[in-house]
Amino acid sequence: MTEDAPGGPTTRNDEEQDQRTSPEERVATPEERLATAVRAAEQALIEFEIALETFRVEMENFSRLHHQRLGPMYARLDELDALIAEARAARSGDPEDWHRAREARAAVLPMPGVDELFHGWIDSDGISPEAAAMLTEQPVRAPQRVRPSEEARRLYRELARKAHPDLAQEEPERVRREAFLTRVNVAYGLGDAEELRELLAEWERGPAPVAPETGTGPEEGERLYARLEWLAQRKDMLAQVAAELEESAIGSMLRMAPDDPDRLLEEIAEQLLAQVAERERELAGLVE
C-alpha cells in the first residue's frame, strides 16, 4: 500500500486500473454521440431506399411483363366477346342485342396512333430502356422476370450501400454517385448480374470516396443537427412514396404474392387461357 493521500488511501491496483482505461470506456462528447446518431440514420435511410427501389423495380417489371406476355390474351378475350355478341345479334335480330354487339366491338382496342404508341413505355427515369432501344434500332432488352435473381439482388444491395448519394457530403461527389447509381438501377431492373459485377469492380477501381470533414465545437454540432434533420425529412418523403406505390393497382397485386411475384404472372396467364377456351367453345356453339 502506498502512502495515504489527502483523499484517502490509494492502492497500486487503483493506479493500474486508471492506466488501463480504454478509449471506449471514456464518456463520449455530445458531438461524438450526435455523429454516431447521424451515421446510424444514414445507414437506416439507405436500407429503406434499397427496399423501396427493389419494390419499384418489381412493380415496373411486373407491369412490363404483364403487358408483353398477357396483353395478347386480353386482346383475344375482347375480340371473342365481340364475336359472341355479334353472333347472338345475328341469330335474334333484336335491336338490343345489336346495341350490345356494337358496344362489345367498340371495346376491342384499335391499332394505336402515334401518340399512343409509347403509352406505358415511360418509367420513373423517363423513357424506358425498351423504348429507347426501339427508337435507336437497338435490340430490346426487357426484364426476364419480375424479381431479379438473388445474386443480382445481393450485388445491387452491396453497390447501393457503397455508392449511395446520401453518403456524399459535397455536391460534386453526390452528382458522381447519382450518375453511377442510375447505371446500377438500370442493370438491376434488367436483372443483369454480370453488369452489376462489372459495376462493382468499376466502383472499387474508382477514386476513393472523400471522407466528410469533421470538427469540434458549436459549428460541428450545428452541421450534424442539420444533417440529422435532412435525413429525417428525406425518410418521411420516401415513406410517402412507398405508401403510394403499395396502394397502386400493381403494388396491390404484388402484395398478393410477396414471396414469388413471377408465379403470380403465371397464375393470371392460366386463368386467361381458361377464359379464352371457354369463350371459344361458346362462340363455336353460336355459329354452328
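Since every read-out is calculated from the coordinates, none of them should be taken as a lab result. Not measured: the values here are computed from a predicted model. Here Cβ is always computed from backbone atoms with ideal geometry, including for glycine, and neighbour counts include all displayed protein chains.
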The stretch 52-111, relative contact order in percent, only Cα pairs under 8 angstrom and at least six apart counted: 31
Peptides ranked, highest mean first, by Cβ atoms within 10 Å: ranges 162-169, 279-286: 162-169, 279-286
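Could you order the peptides 31-40, 144-153 from most to least packed, using the average number of other C-beta atoms within 10 Å per residue?
Listed from highest to lowest mean packing, they are 144-153, 31-40.
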